[in-house]
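Only the coordinates and a few stated rules stand behind these numbers; no lab work does. As the structure is a prediction and not an experimental result, all values here were calculated from the model. We place every Cβ from the backbone using ideal geometry, glycine too, and count neighbours over all the protein chains shown.
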Amino acid sequence: QEVAGREAFEELIAEDSRVEPRDWMPADYRKSLTRQMSQHAHSEIIGMQPEANWITRAPSLKRKSILMAKVQDEAGHGLYLYSATETLGTSRDELTDQLIYGSAKYSSIFNYPARSWADMGAIGWLVDGAAIVNQVPLCRASYAPYGRAMVRICKEESFHQRQGWEILYELSHGSPAQKQMAQDAVDRFYAPALMMFGPPDADSPNSQQSMAWNIKRFSNDELRQRFVGMIVEQAEALGLTLPDPELRFDEESGQWIHQDLDWDEFMRVIKGGGPCNAQRMARRRDAHEDGAWVREAAAAYARDRADEMDE
Ligand code: FAQ
């Protein structure tokens with residue numbers, strides 16, 4: 001049976017079709033997807049914190065309600081992704097424990113502080129912008145529940161990116177102090193946003209196999225390049241500069257060249273040593289523990305309903 005399953009799986013991948021939860025799949029494929037999808041879910045959930053930090057201080061009621069809606073969208077993305085990951089056989093409780101009490105990863109970017117209102121703009125424009133470039137190809141990921149979740153998530157991320165752009169546009173066309181605030185936010189988020197795409201291809205242990213399985217469609221460096229090329233003109237339209245003196249389009253190779261990134265900093269951040277790792281994890285742990293009574297009440301309610309149905 002395993003031989004037939006493996007053959008069917010290999011055929012699906014060769015045809016660029018999709019794998020559904022009940023299909024046979026190699027243990028390594030399941031494991032690697034669980035790894036990537038759960039990290040992605042954790043990123044959405046932890047990613048709520050830098051922006052939630054600004055909800056009470058948004059400069060107007062309208063901006064407050066937009067920001068609240070955005071943060072709620074991130075919660076929704078986390079929930080779709082946990083549900084999609086559960087179809088691979090690991091429960092959401094277990095995945096959450098791996099984050100809170102274990103050493104599961106989440107995106108490096110959310111370990112940087114959101115210091116000013118302009119950071120809400122930079123996060124929307126650069127962080128959601130990078131997320132879209134990375135995630136649009138994932139809509140075609142070979143694991144069907146992941147691809148389906150990505151379609152909806154990408155639509156919402158596009159709205160997020162526009163709201164970030166609009167915040168920066170307003171600030172960069174405001175007073176000199178506001179423009180400076182926008183520039184400062186872009187200066188701080190540019191390099192960490194480029195690091196979201198992961199280590200350089202030569203140091204990316206998972207890429208090759210993920211691409212062979214049609215999970216990833218492009219390498220980390222290819223997507224990073226695409227992103228830089230996309231934001232150059234957008235920065236000009238915003239009237240802001242990207243803090244990268246080496247940024248240029250190389251006609252010969254047809255590629256965007258950007259400055260070297262500080263990969264030691266990246267490794268430090270993903271190992272827990274970034275500016276906000278401890279704070280983000282403590283906040284997440286407290287929220288989870290404070291919410292225990294809600295989970296208990298929901299489980300008791302579900303049990304009662306099931307008993308009623310049995311009667
Ligand atoms: N941060 O071999 P690779 C969002 C890890 S967007 C932390 O290249 P892979 C939206 C990697 O896991 C952010 N760790 O790995 C939002 C691996 O460790 P492992 C989330 C990173 O998987 C906006 C090791 O380094 N998006 O949330 C990072 O082939 C605003 C070696 O790396 C996704 O997760 C990093 N930046 O490629 C929310 C997208 N980069 O697992 C709120 C889906 C690498 O072996 C507010 N994920 N690592 O222990 C992916 O596309 C891929 O997993 C990559 C990494 C590209 C992130």
Computed FRET efficiency, Cβ-Cβ of residue 306 and residue 91, R0 25 Å: what is it to the nearest 0.05? 0.90
What's the extension gain from residue 208 to residue 6 if we count 0.36 nm per residue and subtract their Cα-Cα distance? 70.8 nm
Just to confirm the filter: which chymotrypsin sites (Phe, Trp or Tyr not before Pro) across region 1-103 are DSSP coil and have at most 13 other Cβ within 10 angstrom of their Cβ? 101
Please go through region 1-91 and write out the GluC sites (Glu not before Pro) that DSSP classes as loop and that have at most 14 other C-beta atoms within 10 Å. 15
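Rank these for me by crowding, 71, 127, going from fewest to most other beta carbons within 10 Å.
Numbers: 71 19, 127 26.
Arranged by neighbour count, lowest to highest, 71, 127 become 71, 127.
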At 7 Å along Cα-to-Cβ for each site, give me the label-to-label distance between residue 14 and residue 265 in nm. 4.7
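Calculated FRET efficiency, residue 144 and residue 217, Cβ-Cβ r, R0 22 Å, to nearest 0.05?
Working: r = 15 Å, r/R0 = 0.69.
Efficiency, rounded to the nearest 0.05: 0.90.
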With label points set 7 Å from each Cα along the Cα-to-Cβ direction at residue 100 and residue 250, the distance between them in nm comes to 4.7
A 18 angstrom limit on the alpha carbon distance is what I want to check against. Which of 70/155; 105/155; 216/271 exceed it? 105/155; 216/271
Regarding the chain, what is the average projected area of its C-alpha convex hull, in nm²? 19.6
Obtain the nm distance between the two label points defined at residue 53 and residue 166 by a simple spin-label model: each point lies 7 Å from its Cα along the Cα-to-C-beta direction. 2.4
Least to most buried among 204, 43, by other C-beta atoms within 10 Å and fewest first, runs 204, 43
Apply 1/(1 + (r/R0)^6) to the Cβ-Cβ distance of residue 201 and residue 28, taking R0 = 30 Å, and write down the FRET efficiency to the nearest 0.05. 0.90
